[in-house]
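For reference, the structure is listed below as structure tokens.
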Amino acid sequence: MRAPTEAIVTKTDLSALQMELRAFEQKLEAKIATTAADLKVDILRWLIVTQLALGGFLFAAMKFTR
């Protein structure tokens, strides 16, 4: 069994923990925002490439049929 003195937490300890948690939360929010922006860029890139490929396919199909 633990001694009662090991379970005591001071206001300073709680304040320090709260500051650490806030800093960690801010880092996570920044990372999520960056990841979301990167994902949007990747989606747009694939959309453009796919549309160009489809256009080339349609152009080739039209030339082939005439």
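At a glance:
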{"item": "Check on Phe24, open to solvent by 100 Å² or more (accessible area, probe 1.4 Å), at pLDDT 95 or above and either part of a helix (DSSP H, G or I) or in contact with a helix residue (DSSP H, G or I) (Cβ under 7 Å, 6 or more places away or on another chain) (or both)", "result": "yes"}
{"item": "Qualifying residue in segment 7-20 (condition: assigned to a helix (DSSP H, G or I), open to solvent by 100 Å² or more (accessible area, probe 1.4 Å), among the charged types (D, E, K, R) and at pLDDT 95 or above)", "result": "yes"}
{"item": "Selection within segment 32-64 - open to solvent by less than 70 Å² (accessible area, probe 1.4 Å) and of a type in the set (Asp, Glu)", "result": "Asp42"}
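The values are calculated or read from the model by the stated rules, or taken from the named source; none is laboratory data. Since we're looking at a predicted model, the values are computed, not measured. Heads up, the Cβs are rebuilt from the backbone with ideal geometry, glycines too, and the neighbour counts pull from every protein chain shown. Only protein heavy atoms, including side chains, enter the accessible area calculation; ligands, DNA and RNA are left aside. Shrake-Rupley method; radii C 1.70, N 1.55, O 1.52, S 1.80 Å.
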